[in-house]
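The values are calculated or read from the model by the stated rules, or taken from the named source; none is laboratory data. On a predicted model such as this, the values are computed, not experimentally measured, just so you know. When we count neighbours, we look across all protein chains shown, and the Cβ atoms used for this are built from the backbone with ideal geometry, even at glycine. Note: areas computed on protein heavy atoms with side chains; ligands, DNA, RNA excluded. Shrake-Rupley method; radii C 1.70, N 1.55, O 1.52, S 1.80 Å.
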Amino acid sequence: MRKRRRLSPGALALVAVGLGLVATLGAGCGRKESARLSFTDPNPIPAGALKREIEGRHGGRFVFVTIGDPKTFNPPLANETSSTDIINGPLFVGLFEYNNAEQKTDPGLAESWTVSEDGLRYTFKLRPGLRWSDGVTLDADDVMFSAKVSLDPELPGATRDIFQSGGKVWEFEKIDSLTVAVNLAAPFGPLVDVIGSMYIIPEHKLAEPYANKTFASMWGVDTTPAEIVTNGPFMLKEFRPGEKCVLARNPHYWQVDKKGLRLPYLDEFVFLIVKDLNTMALKFQAGETDLIDPIVLDQVPLFEDEAEKGGYQVIDLGLDLATDFMWLNQNPGRDPKGVPYVEPYKSRLFRDVRFRRAISHAINREGIIKSVLQGRGVPLYEPYTRANKLYFNENVPKFPYDPAKATALLDEMGLVDRNGDGVRDTPEGKPVEFTLHTNSENNLRKSFGTVISEDLGKVGVRVNFVPLEFNTLITRLRSDYRYEAILLGLASSTPPEAALSGNVYRSNGITHNWYPRQDKPDTPGEAEIDKLMNQLIAEREPAQRKVYFDRIQEIMGDQQYCQYIVNRKLFVGMRNHVRNARPSVIRQHVTWNIQEIWVDKADAKVAAR
Amino acid sequence: MRTYLLRRIFTLIPLLLGVTFLAFLLIYLAPGDFLSQMAENPQISAETIEAMRTKFGLDQPWYVQYGLWLKNVFFHLDFGESFAFRQPVFHVIAPRLGNTLILALSAAVVAWGLAIPLGILSAVKQYSWRDKTASFLAFLGLSIPEIFFALLMMYMAAKTGWFPVGGMRSLDHDQLQWGAQIGDILHHLVLPAIVLGTVPMAGRMRQMRANLLDVLRLDYVTTARAKGLDENVVIWKHAVRNAINPLITLFGFTLATLLSGSFIVEIVMNWPGLGSLTLEALLKQDLYLVMGSVVIAATMLVLGNLIADVLLALADPRIKYD
């Protein structure tokens, strides 16, 4: 009975041994560097190869980290960044390439172009000797096929909405095997800048599915990599959902370096998929990735502290192209049941330019920058930020922080506090208040909104700040128009060309947020903007386009349709062993010239890892 | 037994109907749809978006959409196509499901492999220092939030370099021999399995301890000891076998909760499983992909319980279904 012998610890030991085994087994491998071969190029260099004045060493891999899985490898179908980051540039290129660092369009698959006197006919000359990654010749037929697909109204995509002027979609015409012409119904000034956004896709692979109407399911993420034939510096090697997407050198790429050696330098360009921002940061600091883009603003000091030890640098890219701004709903319309979108007395306020100017005067932008951004930004009054080399306009009318001026304007409108509750009232006795929304996923914007509400409260305008989930917000903004004010941001297009912003500035535009899809311009200012936008789109000379857009920005500033808030700074982290990178504020901030980038394996910090 | 199994499998049908109906309704009630995100892009016109909405059938009333979906499932076993991937949903789900199963099963091994021996040890050596240490660890395991534990482990991995910082395979995985490939996955699996397994481990251990303590007080155990049986035989053959029954019932349930509970761990520790896929699909309102995941999760729950019932019948000859 008392003979409680010791319990056999067999099971326990087994588990412990099992776990230990797992750990040791694992620790033994993983770090092994695969053997690297020196660079040999089995294929002839194309006759018309583009020579870049750079030097580097072949080999190595660059590990990029991305938050989402690519959804497709079919270029015309890709419409969100987790797919386009991989497709646009690394895998597929267009007739022209955009130079992010200099903010200008460079030659791409097309080596030259001409335009007729009236601006209605462009002729593009392809480089001779171009080949797809499977060795098949790339010529004008591929361009014609790409145009047919990109402009197909049956297939979704933004290309068709951009590639038109004078109400007509541009017409492509094959002249010979290396020459393609584009005919326009009306001039479109920045055509060359814009046409590069059309991916050239292989006719020999995709024409048949297109004819059979199976194009939309082609080149999904479960496609055998070898099937995906590319013309960019890389081709697909492997995709593991939720883990990584590995690109390998395209052996037929058409760019060479100073010594005439074929680019890209890298053997592999890896997109590591990491869904969590903290894990992303840890992976970068542990040396598993080469880039963190961007660094969340409040983590910049943390990264800077660790930079030397971690063998990386924090790069200050300067002011971003993206903007944060708020607007009051100036839509005077009614819903199908006859209920006004905005209460009439509020609508009268929102549509009064004095009220909008008073709002701008009441917002302490410097305060937001100090308290929320820790100084990493500047006040914003212009639709296009300082980062835009062509379009930034210093002379936009500004209504900066000045509570006295805000108070004076509100008093002048007859808005005074009539019942002593600290909130101004209209002459009819209704309180001057509105509800401000932003998307709840964006922490910075939530902080902006809180500060703005406080600032406006100080001049007697009560703001109820209610962040909403993104889809809810977009539904209110785009389909039911039932909201009073929204704080949002706008990312920039690449290229950051004003002619691409028609939908924002034109009074009938869908993203003309404060009063979208107007039948005829609501105010004289908007009428003038419409006219200027037409002139801008037709104008071929960038300097003249700037003149038109300067005026548009001045009207925007003077009329305060939107209140621009801040222009943030942008930071990325990059390992010290990355060479030839030319970081820019335009996406892709660092990897836009990935064909030129190489990794210096001799760097001490790499050896240590 | 066979009729019982068949009956159980048939009850799956009304259950799945109910679950999918609710899921469909909830997604429909959520504001916006898959195309709302595209509407924010100034370069896409309203007409293009309307055309896509018609193409995807999102302009139909929800009951028509649900009816169509059901019809395709029943008559063609076609669960629809993901809007985002433009692929049949099970093409998208299959590789992820495998990964989630690997993680869930490993976590179950960690949880049960530790919980049962530790629970037995605790009960047999009640109030000893070993019991107290095990109990302390159990309370710690029960009270630590999974997301915090996961982040802590990732931080540890980043600082020490003993383990990879998240993920399932290293970048050189494909150049390794198959043996080393398995080792590579196991190396990546250790931390997520520990994090995911800790909470059920702690719970099950407390249960095992309590059950065994109850059983050890019963008369037949005293009898067994009185007739001079070896203590190992008393504990392992007589006491544990009876004490473990409730845990077997829980096993199936735990398996199912491990599958759904792995979502947080998968996202934080970058495990390429079903969780991160489903979350993304939900946020983007990729309707049929969400429905596919819901069907899988519900099926797993039912199957887990079924497995538990079968195991119970095997372990306890008194239990019969028929």
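Structure values in brief
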{"quantity": "Residues of segment B:143-161 satisfying the condition of being more than 13 Å from A:K283 (Cα to Cα) and open to solvent by 80 Å² or more (accessible area, probe 1.4 Å)", "calculated": "B:S143, B:I147, B:F148, B:L152"}
{"quantity": "Yes/no for A:D118 being at pLDDT below 95, crowded, with 21+ Cβ neighbours inside 10 Å and in contact with a Pro (Cβ under 8 Å, 6 or more places away or on another chain)", "calculated": "no"}
{"quantity": "Segment A:284-300, subset assigned to a helix (DSSP H, G or I) and modelled with pLDDT of 90 or more, residue farthest from the other protein chains (Cβ to nearest Cβ)", "calculated": "A:V300"}
{"quantity": "Answer residue from segment A:264-291, given it is open to solvent by 10 Å² or more (accessible area, probe 1.4 Å) and without any contact (Cβ under 8 Å) to a residue 40 or more places away in the chain and is farthest from A:I315 (Cα to Cα) among those", "calculated": "A:D276"}
{"quantity": "Residue in segment A:454-473 that is in a loop (DSSP other than H, G, I, E, B), closer than 30 Å to B:D33 by Cα, more than 10 Å from chain B (Cβ to nearest Cβ) and not polar (S, T, N, Q) present", "calculated": "yes"}
{"quantity": "Residue among A:F62, A:F73 that alone is within 23 Å of B:Q37 (Cβ to Cβ), aromatic (F, W, Y), touching a Phe, Trp or Tyr at 6+ places or on another chain (Cβ under 7 Å) and modelled with pLDDT of 90 or more", "calculated": "A:F73"}
{"quantity": "For B:M269: the one exception among (1) open to solvent by 20 Å² or more (accessible area, probe 1.4 Å); (2) aliphatic (A, V, I, L, M); (3) within 14 Å of chain A (Cβ to nearest Cβ)", "calculated": "(1)"}
{"quantity": "Enumeration of residues in segment B:16-40 that are within 7 Å of another protein chain (Cβ to nearest Cβ) and within 19 Å of A:I510 (Cα to Cα)", "calculated": "B:G32, B:S36, B:M38, B:A39, B:E40"}
{"quantity": "Any hit, segment A:174-197, residues being within 14 Å of another protein chain (Cβ to nearest Cβ), of a type outside the set (D, E), under 23 Å from A:A216 (Cβ atoms) and open to solvent by less than 40 Å² (accessible area, probe 1.4 Å)", "calculated": "no"}
{"quantity": "Boolean, A:R365 is at pLDDT 95 or above and either crowded, with 20+ Cβ neighbours inside 10 Å or over 18 Å from A:G460 (Cα atoms) (or both)", "calculated": "yes"}
{"quantity": "Filter result for the condition that a residue is within 14 Å of another protein chain (Cβ to nearest Cβ), at positive phi and either within 26 Å of the chain's Cα centre (by Cα) or of a type in the set (D, E) (or both), over A:R506, A:R517, A:R478", "calculated": "A:R517"}
{"quantity": "Hits in segment A:276-292 (condition: under 14 Å from A:G310 (Cβ atoms) and of a type outside the set (A, V, I, L, M))", "calculated": "A:K283, A:F284, A:Q285, A:G287, A:E288, A:T289, A:D290"}
{"quantity": "Helices (runs of 4 or more DSSP H) wholly inside segment A:496-591 containing at least 2 residues that are at pLDDT 95 or above and assigned by TED's automatic domain parsing to the domain that holds A:G377", "calculated": "A:524-538, A:542-559"}
{"quantity": "Residue satisfying all of: in segment A:452-471; open to solvent by less than 30 Å² (accessible area, probe 1.4 Å), farther than 15 Å from A:L415 by Cα and β-branched (V, I, T); nearest to the chain's Cα centre (by Cα) among these", "calculated": "A:I452"}
{"quantity": "Whichever residue in segment B:212-262 is among the β-branched types (V, I, T) and over 17 Å from B:L311 (Cβ atoms) and, among such residues, is surrounded by the most Cβ atoms within 10 Å (Cβ to Cβ)", "calculated": "B:I235"}
{"quantity": "Output for segment B:78-96, where each listed residue is within 11 Å of chain A (Cβ to nearest Cβ), on the phi < 0 side of the Ramachandran plot and touching a Leu at 6+ places or on another chain (Cβ under 8 Å)", "calculated": "B:S82, B:F83, B:A84, B:F85, B:V92, B:I93, B:R96"}
{"quantity": "From the options A:E554, A:E539, residue that is in contact with a helix residue (DSSP H, G or I) (Cβ under 6 Å, 6 or more places away or on another chain), of a type outside the set (K, R) and surrounded by fewer than 22 Cβ atoms within 10 Å (Cβ to Cβ)", "calculated": "A:E539"}
{"quantity": "Hits in segment A:103-132 - residues which are touching a residue at least 60 places away in the same chain (Cβ under 8 Å) and assigned to a loop (DSSP other than H, G, I, E, B)", "calculated": "A:Q103, A:G108, A:L109, A:D118, A:G119, A:L120, A:R127, A:P128, A:G129, A:L130, A:W132"}
{"quantity": "Test for B:L306: is it part of a helix (DSSP H, G or I), in contact (Cβ under 8 Å) with a residue 12 or more places away in the chain and over 13 Å from the mean Cα position of the chain (by Cα)", "calculated": "yes"}
{"quantity": "Among (1) in contact (Cβ under 8 Å) with a residue 40 or more places away in the chain; (2) under 17 Å from A:G89 (Cβ atoms); (3) not small (G, A, S), the one test that A:K237 misses", "calculated": "(1)"}
{"quantity": "Segment B:51-65, residues that are touching a Leu at 6+ places or on another chain (Cβ under 9 Å) and either at positive phi or open to solvent by 20 Å² or more (accessible area, probe 1.4 Å) (or both)", "calculated": "B:R53, B:F56, B:G57, B:L58, B:Q60, B:W62"}
{"quantity": "Within segment B:193-237, tally of residues that are aromatic (F, W, Y) and within 13 Å of another protein chain (Cβ to nearest Cβ)", "calculated": "1"}
{"quantity": "Residue within segment A:23-31 that is charged (D, E, K, R), in the same structural domain as A:Y265 (by TED's automatic domain parsing), surrounded by fewer than 19 Cβ atoms within 10 Å (Cβ to Cβ) and modelled with pLDDT of 85 or more present", "calculated": "no"}
{"quantity": "Residue list for segment A:194-223, filter: touching a helix residue (DSSP H, G or I) at 6+ places or on another chain (Cβ under 8 Å) and among the acidic types (D, E)", "calculated": "A:E203, A:D222"}
{"quantity": "Filter result (open to solvent by 60 Å² or more (accessible area, probe 1.4 Å), among the hydrophobic types (A, V, I, L, M, F, W, C) and over 42 Å from the mean Cα position of the chain (by Cα)) within segment A:402-444", "calculated": "none"}
{"quantity": "Subset of segment A:449-472 (residues that are out of contact with any Leu (no Cβ under 8 Å at 6 or more places or on another chain) and either over 25 Å from A:G420 (Cα atoms) or assigned by TED's automatic domain parsing to the domain that holds A:E102 (or both))", "calculated": "A:P467, A:L468, A:E469, A:F470, A:N471, A:T472"}
